[in-house]
Amino acid sequence: MNFGLLDWTITIVYLIATVYFGIRAKRYVESLAGYMVAGRKVKTSVGIAAFVATELGTVTFVYFGELGYVAGFAGFIIGLLAMVAYAAVGRSGFIIAGLRRLKVMTIPEFYEIRYSRPVRLIGGTILFLGGVLNMGIFLKFDGIFLSEVMGFGPDALAVIMTIMILIVMAYTILGGMFSILVTDFMQFVILTFGMLVATVAVLVQVDLQDMSAAVSTVMGPAGVDPFTNPRFGWTFVVWIFISSIAAAALWQPGTATALASESPAVAKRVFFWTGLTFAGRAMVPMFWGVAALALLGPGLPSAAAMPKLLGHVVPSGLLGVLVAGMLAASMSTYSAYLLAWSSVLARDVISCTRKQDFSEKTTVAIVRIGAGVIGTFLLVFGLWYKIPDTAFQYLYLTGAMYTSGALGCVAAGLYWRKANTPGAYASLIMGAAAPAGFLLLEKSRDVLPSWLLFVADVNIAGLLSFVLAAAGMIGGSLLTQKTSSPKQITTVEER
């Protein structure tokens, strides 16, 4: 293991600098809009850096590295699908431009504008629960990465997880979106350099022919062809593409960048140019995972294989830069996600149980308390929960609990005049049903009747969530046109 004194110095200095600048950003927070969407003043370059940093956490490297280790080059299709989906949303402005024109701070706010306040409450609750469950494994996977790269092993996992979440909570709770934007730009630069360092080190130590041979020997054709790989197949590919479009437009931590942009045109540019990076976001860590298979062999704990490889091949000094970059990635992701989910809890769940919204000061206080509660949950859940299948599929499935119904509600609400409140209820509830069923029944598949086994298939459950959500919106709306007239938005540009 190469993690020495110089690596420790680089890592500690970086952590101190990040917390310092993040907390200093508190002085720029003058209002609720300043705290949650940075006053809607984000320009293209800062937006791109923030978006990349938000969507590229250490957990991203670990779960994509895990896929490379267990599925070979077949997983590369995920990066290509994500790139096409995000770039298409950016080029067209699908959903994000309409939401930015409405000047909402969270996506469930749209449900009240287009449908009703109870729809906002239900949609906000589903978003909050799905989002927090989705984030539940981040801390554990980041702890696995750091403990393996730094040479501590699994015994240090709880300590590392605790330190990480305390640091992130400190500047996120105090400074909100301004803290995230200030630190994201730093983290974007360091992370980019760290990825380059790690990739060069892997290429020096691991021969490309050996990587190809390892994939061929262990997996055969399934290591290259996603359609024959038992983890993937046609169902998986279709689900991931639809899910990537929904996530690009409607995943609150990322969409918050569009909502914080200074105009809809800036939001579109941010999403388009960021989308082009999403292929590399998936393929680079998958490449490291394949290299771990070639150098270390099969049979290792899948999530730990790639970090263990990097801990061996990256030289001392440069390893500190890599760890600083990964810490940068983690803190960017955590801060954006903590702010997103605590904001939804405050504005779209707790506030919606009242006739009138809380004052701005009270809302910010609730957001800060919510971020602290979520951070504590992440620590407990991460240490306790055993992830089904691969982390990637767990993340996309918990995301689908929300994005499937949200896609039906928001897309229909913006582009279909017949969308109404009953359709919105049906879309949100039916979209969440299949993922929730999988999470509840997956560990009991041995005792399930044969007709119910499809629910315990992660790929089928994921795809089914979008089918059911669309059916709920279309069927629910068309069947109730006479009893529930659609509520139209006629002043999008003026809001």
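The values are calculated or read from the model by the stated rules, or taken from the named source; none is laboratory data. Since we're looking at a predicted model, the values are computed, not measured. Virtual Cβ from ideal backbone geometry, glycine too; neighbours counted across all protein chains shown.
Of the helices (runs of 4 or more DSSP H) entirely within segment 410-495, those holding at least 2 residues that are at pLDDT 80 or above, under 21 Å from G130 (Cα atoms) and more than 24 Å from the chain's Cα centre (by Cα) occupy 421-441, 458-478. Is segment 361-371 home to any residue that is closer than 25 Å to A247 by Cβ, out of contact with any Cys (no Cβ under 9 Å at 6 or more places or on another chain) and of a type outside the set (G, A, S)? Yes. Here the helices (runs of 4 or more DSSP H) wholly within segment 78-152 that include at least 1 residues being farther than 26 Å from E262 by Cα are 117-135, 138-149.
Against the definition (touching a residue at least 12 places away in the same chain (Cβ under 8 Å) and under 21 Å from the mean Cα position of the chain (by Cα)), how does A74 come out, yes or no? Taking the combined requirement at face value, the residue does not satisfy it. Taking segment 166-263 and the helices (runs of 4 or more DSSP H) fully enclosed by it, no element has 3 or more residues that are more than 30 Å from V321 (Cα to Cα), at pLDDT below 85 and among the basic types (K, R).
For segment 96-110, the condition holds for no residue, the condition being that it is farther than 28 Å from S351 by Cα, at pLDDT 70 or above, of a type in the set (F, W, Y) and buried (at least 17 other Cβ atoms within 10 Å of the Cβ).
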